[in-house]
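S.K.: Just passing along the structure, written as structure tokens.
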Amino acid sequence: MQARIISGVFSSPVITASPRLAHAMSSELLTSELAAESLGISVSTLYDWLAQSDAGTFKIRGQPVTINYFQGGRRGQGRIQIEASEIERLKEAMRVRPRPKRRRRRPTKPMSYPGITVPLGRPDD
């Protein structure tokens, strides 16, 4: 990541994708290596995510997610390819959005107790 200074004003950091990733994003299908690089995870983690998705147990931020991908070859043992739009969908599912803190009402002291019909206090009073 590099930052540039333009006419004495500090600009935001410039993040550039690798040339392989930039080329692949222009095409429709990504290899598992490029998909993992785009998500910022290792290839083995991507394979684990795909296995969990196939089993129906994969969750991102507590929400169940299914990953759609292609696997060619006889008996489905070929290379895995994932659409670029699917990668973007997964990134959006991983995005953290700040939520405003819920305001809570102050607890109130109960003025009466349910089921009690006699005056409260010591019996001798």
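The values are calculated or read from the model by the stated rules, or taken from the named source; none is laboratory data. Computed from a predicted structure; not experimentally measured. Ideal geometry is used to build each Cβ from the backbone, glycine not excepted, and the neighbour counts take in all protein chains shown.
S.K.: Would segment 17-34 turn up any residue that is modelled with pLDDT of 85 or more, part of a loop (DSSP other than H, G, I, E, B) and out of contact with any strand residue (DSSP E or B) (no Cβ under 6 Å at 6 or more places or on another chain)?
M.R.: No: segment 17-34 contains no residue that is modelled with pLDDT of 85 or more, part of a loop (DSSP other than H, G, I, E, B) and out of contact with any strand residue (DSSP E or B) (no Cβ under 6 Å at 6 or more places or on another chain).
S.K.: Taking the stated definitions as given, is Arg79 free of Cβ contacts under 8 Å to residues at least 60 places away in the same chain, in contact with a Gly (Cβ under 8 Å, 6 or more places away or on another chain) and under 25 Å from Leu50 (Cα atoms)?
M.R.: Yes; evaluated as a whole, the condition is true for this residue.
S.K.: Among the candidates Arg102, Arg75, which residue alone is at pLDDT below 90, surrounded by fewer than 10 Cβ atoms within 10 Å (Cβ to Cβ) and outside any loop (DSSP other than H, G, I, E, B)?
M.R.: Residue meeting the stated conditions: Arg75.
S.K.: When segment 59-72 is examined, which residues are found to be in contact with a strand residue (DSSP E or B) (Cβ under 7 Å, 6 or more places away or on another chain) and either in a helix (DSSP H, G or I) or under 26 Å from Val96 (Cβ atoms) (or both)?
M.R.: Val65, Tyr69
S.K.: Got a sec? Which of Ser53, Ser38 is assigned to a helix (DSSP H, G or I), touching a helix residue (DSSP H, G or I) at 6+ places or on another chain (Cβ under 8 Å), polar (S, T, N, Q) and crowded, with 17+ Cβ neighbours inside 10 Å?
M.R.: Ser38
S.K.: In segment 82-116, which residues are more than 30 Å from Gly72 (Cα to Cα) and among the hydroxyl-bearing types (Ser, Thr, Tyr)?
M.R.: Residues satisfying the conditions are Thr108, Ser112, Tyr113.
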